[in-house]
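**Q** Handing you this structure, nothing more for now.
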């Protein structure tokens, strides 16, 4: 049984049981819709990597031993920072900050201690003994801050900004929305006349969730509204407008319903699923409606059933191929190294499959029952659009050589921009530069060397001098080779200070002693001189530690630079002392760097795989390798040109924009499939080649045009997003789909007219 027989049999089923089909679809939609409300949003970075990834596992160790790797930084700016009133106010602020449940410890000048050498070895003194009450006291405080090394860490170099670092206890579950609310309420209570700046990854995550929810409420209705407007102008019939969108709406509900039944969470990029389905999944219905209306106008004597049968026979196979190629392009994301990208590929493919099935089952069932629009019975056409499309075909075939030369020149120039393309997975760049979060991060970065932290987890007998020296060697290596690392802190820094103190403060003695017993003695003396909780962040046990961590401060989050740090550091560890001192880079910043690498790798692999598979499918369908090349050429060229344009415009490749190739490959090939298939049909029907081009533009051109414009209009909803990458993604999709559409309607007529490929005549 061939595909045409299958399509005929399917139509017979639709025609005989329309009400049963409609009722069944509605019932299934209700069952899936019931679980849509169970979906939860997950903006977490860890979910971007496999659960068994070493970074995720080491972060879980940090959660357990050191209360987590997340920190809260609150910077306070004031022209009278060390005045009595300001310091008393900030002291009270710290007490209130420590009272928040999720904060396990707050570090600031109010509780920080430092090592002071004396004749007996060293003493542990507080940086702030008493709140100064005059200029002399202020000067003494400044001197103590200089001696303690707090300048640049907890106080800015201009002495106008003070920093509070809160350790967030992520070893237990907490509501990040409530945490953000508590922090901002506290800051607002103390903020005048001082300026407060807040930076924290959990607060960023909570803000991301809030914006995701907002985008979900805005994207879908805006996309639907824009596409309805376009289709109403195109079809001038409510039937022609709403039937494709019933299909899209049901496919969205079924997709999210499946996620609900499977207890899946919705990631940041998952919020794009409705827009993708609105823009992509209505294509099949548009082609059915467009051909049904066209045949109804030209044949007013036939019944609805006869027109529908002819429609399904003509467009059934092309939309099957279009749906198949689109699904393949998204399923190729299963080869992606990022779990969320794989998840996106599977979900969008499922939604497209459902949309295709509903288009060929539900739409004919409804059209069988609904009378044709009144204007169709009068044989009225869309003469303006018809004339435009027909004239386009004539121009592109008549001046084919010129068209191909001009397109080649533009394409080569755009492709050269790929060399400037960069990758960036920095979550700060989700927000506009004017946002409170980005302003705060910029302020903290400038004043304290950054608000982002990298962690290196070290396992072993920590007080062993060899282990400590390995930590020192690794830290020096990283700081010497990577400029964005501004500061470091580890147990090595403390031990070296104590050793120097025991040697009269001699700076040449600020080294790691070779005697492990001496090191343990230093730590014991420190613990009895202080409460020892300063080591909670870097030692799992103050007496016999088996884990410690190195803390590295980054000036800014440059993910490509972080990726370089990760690669260089891992190689250095492996080559020098991994067997002696097992070390693992971890923390949110490290995770971002790894994601950077995985985005590039996954993008390349999924693109190559999808293009090759679609080329194979098209070659089999047309029984010609040339046919496969013609079907994939405009789409492939559009992908290359769009990445080149991103390079010229300094638009970075990130997790969101990495989905661009899937959309381009999956949707872009639809236009070429429909054009080549219908062109071959007209040639087989006995038309001359020029007549076949004209009839293809007249009959199928509107479906292709409306299809492309609906995708562009659907993705234009992304322009309303509060996320910068999502807005840019929307612009890129709109531009690239326009490239694909123009490529199909301009390149293919010119190429086929010039070469007259044999597969069109078989």
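**Q** Within the bounds of the range 100-111, is there any residue that is over 25 Å from residue 201 (Cα atoms) and in contact with a helix residue (DSSP H, G or I) (Cβ under 8 Å, 6 or more places away or on another chain)?
**A** Taking every residue of the range 100-111 in turn, none turns out to be over 25 Å from residue 201 (Cα atoms) and in contact with a helix residue (DSSP H, G or I) (Cβ under 8 Å, 6 or more places away or on another chain).
**Q** Let me ask another. For the condition outside the structural domain of residue 364 (by TED's automatic domain parsing), touching a residue at least 12 places away in the same chain (Cβ under 8 Å), assigned to a helix (DSSP H, G or I) and in contact with a strand residue (DSSP E or B) (Cβ under 7 Å, 6 or more places away or on another chain), what is the one hit in 230, 145, 162?
**A** Matching residue, one of 230, 145, 162: 145.
**Q** I would also like to ask the following. Please list, ordered by first then second residue, the pairs with beta carbon atoms under 7 Å, 6 or more apart or interchain, first in the range 284-298 and touching a residue at least 24 places away in the same chain (Cβ under 8 Å) and assigned by TED's automatic domain parsing to the domain that holds residue 318, second surrounded by fewer than 24 Cβ atoms within 10 Å (Cβ to Cβ) and outside any helix (DSSP H, G or I).
**A** So the pair list comes out as 296/372; 297/379; 297/380; 297/381.
**Q** Right, something else. Could you tell me whether residue 403 is modelled with pLDDT under 85 and not assigned by TED's automatic domain parsing to the domain that holds residue 247?
**A** no
**Q** Restricting the search to the range 449-469, which residues are in contact with a strand residue (DSSP E or B) (Cβ under 8 Å, 6 or more places away or on another chain), modelled with pLDDT of 80 or more and outside any loop (DSSP other than H, G, I, E, B)?
**A** Applying the first criterion (in contact with a strand residue (DSSP E or B) (Cβ under 8 Å, 6 or more places away or on another chain)) to the range 449-469 yields 449-459, 462, 467.
Adding the requirement that they be modelled with pLDDT of 80 or more leaves 454-459, 462, 467.
Hits for the range 449-469 are 454, 455, 456, 457, 458, 459, 467.
**Q** Looking at 124, 115, 55, 71, which one is modelled with pLDDT under 80, within 23 Å of residue 160 (Cα to Cα) and crowded, with 17+ Cβ neighbours inside 10 Å?
**A** Matching residue, one of 124, 115, 55, 71: 71.
**Q** Would you call residue 202 more than 30 Å from residue 79 (Cβ to Cβ) and either modelled with pLDDT of 85 or more or under 27 Å from the mean Cα position of the chain (by Cα) (or both)? Give the steps one after another, and end with the answer.
**A** Values: more than 30 Å from residue 79 (Cβ to Cβ): yes; either modelled with pLDDT of 85 or more or under 27 Å from the mean Cα position of the chain (by Cα) (or both): yes.
For residue 202, the condition - more than 30 Å from residue 79 (Cβ to Cβ) and either modelled with pLDDT of 85 or more or under 27 Å from the mean Cα position of the chain (by Cα) (or both) - is met.
**Q** Mind counting the residues in the range 101-112 that are more than 27 Å from residue 510 (Cβ to Cβ) and surrounded by fewer than 18 Cβ atoms within 10 Å (Cβ to Cβ)? Write out each step before concluding.
**A** As a first pass, look at the range 101-112 and keep what is more than 27 Å from residue 510 (Cβ to Cβ): 101-104, 106.
Those left that are additionally surrounded by fewer than 18 Cβ atoms within 10 Å (Cβ to Cβ): 101.
So the answer is 1.
**Q** In this structure, does residue 412 turn out to be under 16 Å from residue 750 (Cα atoms), modelled with pLDDT of 85 or more and surrounded by fewer than 15 Cβ atoms within 10 Å (Cβ to Cβ)?
**A** So residue 412 does not fit the description; no.
The values are calculated or read from the model by the stated rules, or taken from the named source; none is laboratory data. Only a predicted model underlies this, so the values are computations on that prediction, with no experimental measurement involved. No Cβ is skipped: glycine too gets one built from the backbone with ideal geometry, and neighbour counts run over all protein chains shown.
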